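The values are calculated or read from the model by the stated rules, or taken from the named source; none is laboratory data. Computed from a prediction, not measured in an experiment: that's the story for all the values here. All Cβ positions, glycine included, derive from the backbone under ideal geometry; neighbour counts span all protein chains shown. Accessible surface is based on the protein model in full, side chains and every heavy atom, while ligands, DNA and RNA are left aside. Shrake-Rupley method; radii C 1.70, N 1.55, O 1.52, S 1.80 Å.
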Amino acid sequence: MIDLHTHTTVSDGTDSPAELVAAAAAAGVTTLALTDHDTTGGWASAAEAALRHGVDLVRGVEVSCSHHGVSVHLLGYLVDPTHEELAAELSLAREGRHGRLQRMVDLLAADGVPITIEDVRAQLGVDATPGRPHIADALVANGVVRDRDEAFATFLAGGSPYYVPHYAPDPVRAVELVVAAGGVAVMAHPFAGRRGRTVDDDVIAAMAAAGMTGLEVDHRDHDPAERAHGLGLARELGLVVTGSSDYHGTGKLNRLAENTTVPEALEALEAAATSDTRVVRA
Ligand code: AMP
Ligand code: ZN
Ligand code: FE
Ligand code: FE
């Protein structure tokens with residue numbers, strides 16, 4: 001089974017990269033992609049674990065993008081992590097996320113919600129990309145809410161007065177950067193409207209025109225109608241169709257391999273990569 005979208009403690013997942021790989025092996029995943037938000041920091045330990053557990057590893061990153069304020073996530077597989085422009089953009093995004101974390105905590109605290117920046121930092125892995133889930137975890141630890149879902153519903157969703165955006169590139173620029181870094185661009189959960197607004201199909205077409213290779217159609221946050229629409233759009237735009245779990249450990253209900261990618265699609269993605277970053281074969 002091929003699962004091409006997962007997170008670890010290097011961003012907002014709850015398994016370390018090594019634990020993720022072990023869990024993937026136990027779940028019957030044969031090819032796994034590691035795609036933490038805006039960082040490649042988990043690659044080395046995941047690769048080492050992949051060799052140990054007999055799992056093939058696609059090293060990737062989920063790039064946070066914003067199209068006129070609408071959040072878009074772009075999966076960048078097999079990029080050269082040392083590509084200067086891409087690395088600079090990712091580090092800008094991570095820095096922006098630290099400032100944004102502070103501002104959201106300030107807004108919550110000013111309203112009497114018991115939370116400090118230290119509480120949130122305590123939930124963050126070493127050098128991890130900070131995100132709203134870490135604020136959620138601090139709210140859980142402080143007994144304010146029961147779980148991440150309740151934290152998002154009550155305090156952290158896009159329309160909330162405590163929501164603060166962070167710096168993120170336009171998705172077309174992100175596609176160009178991933179391609180320039182020798183990688184393969186696949187748009188993550190394009191129609192996941194439950195988390196907030198989504199972009200129109202013309203933006204997806206512009207991303208395809210900029211060199212995007214694939215569309216993540218099979219994802220928990222897509223209903224059957226959205227999957228059918230995604231299949232049609234992928235065919236129209238000549239995009240490879242992928243499916244994945246978007247596993248976050250205990251941070252979300254998503255289970256490894258709950259959605260998967262067919263081997264032919266993985267081959268097409270791999271063939272589109274031009275960097276020296278290859279699939280780690282166990
Ligand atoms: P951020 O990128 O910091 O704005 O946070 C967005 C991330 O929060 C997404 O990538 C998801 O991993 C996570 N997320 C969004 N909604 C929820 C939810 N209801 N429960 C748990 N995690 C969520
Ligand atoms: Zn996440
Ligand atoms: Fe995402
Ligand atoms: Fe994700």
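When you check residue 251 against the structure, is it in contact with a helix residue (DSSP H, G or I) (Cβ under 6 Å, 6 or more places away or on another chain), over 17 Å from residue 183 (Cα atoms), open to solvent by less than 70 Å² (accessible area, probe 1.4 Å) and among the small types (Gly, Ala, Ser), yes or no?
yes
Starting from residues that are within 26 Å of residue 59 (Cβ to Cβ) and within 16 Å of ligand 2 (Cβ to nearest atom), keep the ones in the stretch 191-214 and report whichever is modelled with the highest pLDDT.
192
If you check 228, 282, 208, 268, which single one turns out to be open to solvent by 20 Å² or more (accessible area, probe 1.4 Å), more than 16 Å from ligand 1 (Cβ to nearest atom) and in a loop (DSSP other than H, G, I, E, B)?
Only one candidate qualifies: 282.
Is it the case, given these coordinates, that residue 217 is in contact with a Lys or Arg (Cβ under 6 Å, 6 or more places away or on another chain) and β-branched (Val, Ile, Thr)?
The answer is yes for residue 217.
Any residue at all in the stretch 72-85 that's surrounded by fewer than 23 Cβ atoms within 10 Å (Cβ to Cβ), assigned to a helix (DSSP H, G or I) and touching a residue at least 40 places away in the same chain (Cβ under 8 Å)?
So far as the stretch 72-85 goes, yes, one or more of its residues are surrounded by fewer than 23 Cβ atoms within 10 Å (Cβ to Cβ), assigned to a helix (DSSP H, G or I) and touching a residue at least 40 places away in the same chain (Cβ under 8 Å).
Considering only the stretch 148-176, state which residues are open to solvent by less than 50 Å² (accessible area, probe 1.4 Å) and within 16 Å of ligand 3 (Cβ to nearest atom).
148, 156, 157, 158, 166, 168, 169, 171, 174, 175
For the stretch 171-205, what are the residues that are among the aliphatic types (A, V, I, L, M), more than 24 Å from residue 40 (Cα to Cα) and not in a loop (DSSP other than H, G, I, E, B)?
Listed by number, the residues that qualify are 203, 204, 205.
I want to confirm something. Restricting to the stretch 34-71 and keeping residues that are part of a loop (DSSP other than H, G, I, E, B) and more than 15 Å from ligand 4 (Cβ to nearest atom), which single residue is surrounded by the fewest Cβ atoms within 10 Å (Cβ to Cβ)?
The extreme case among them is 68.
Do we have residue 90 as within 16 Å of ligand 4 (Cβ to nearest atom), free of Cβ contacts under 8 Å to residues at least 60 places away in the same chain, over 26 Å from residue 262 (Cα atoms) and out of contact with any Cys (no Cβ under 8 Å at 6 or more places or on another chain) here?
For residue 90, the condition - within 16 Å of ligand 4 (Cβ to nearest atom), free of Cβ contacts under 8 Å to residues at least 60 places away in the same chain, over 26 Å from residue 262 (Cα atoms) and out of contact with any Cys (no Cβ under 8 Å at 6 or more places or on another chain) - is met.
Please go through the stretch 59-110 and give me each residue that is out of contact with any strand residue (DSSP E or B) (no Cβ under 9 Å at 6 or more places or on another chain), away from ligand 1 (no atom under 15 Å from the Cβ) and among the β-branched types (Val, Ile, Thr), ordered by number.
Result: 82, single match.
Filter the stretch 1-33 down to residues that are crowded, with 24+ Cβ neighbours inside 10 Å, away from ligand 1 (no atom under 15 Å from the Cβ) and closer than 25 Å to residue 86 by Cα, then give me how many there are.
So the count comes out to 5.
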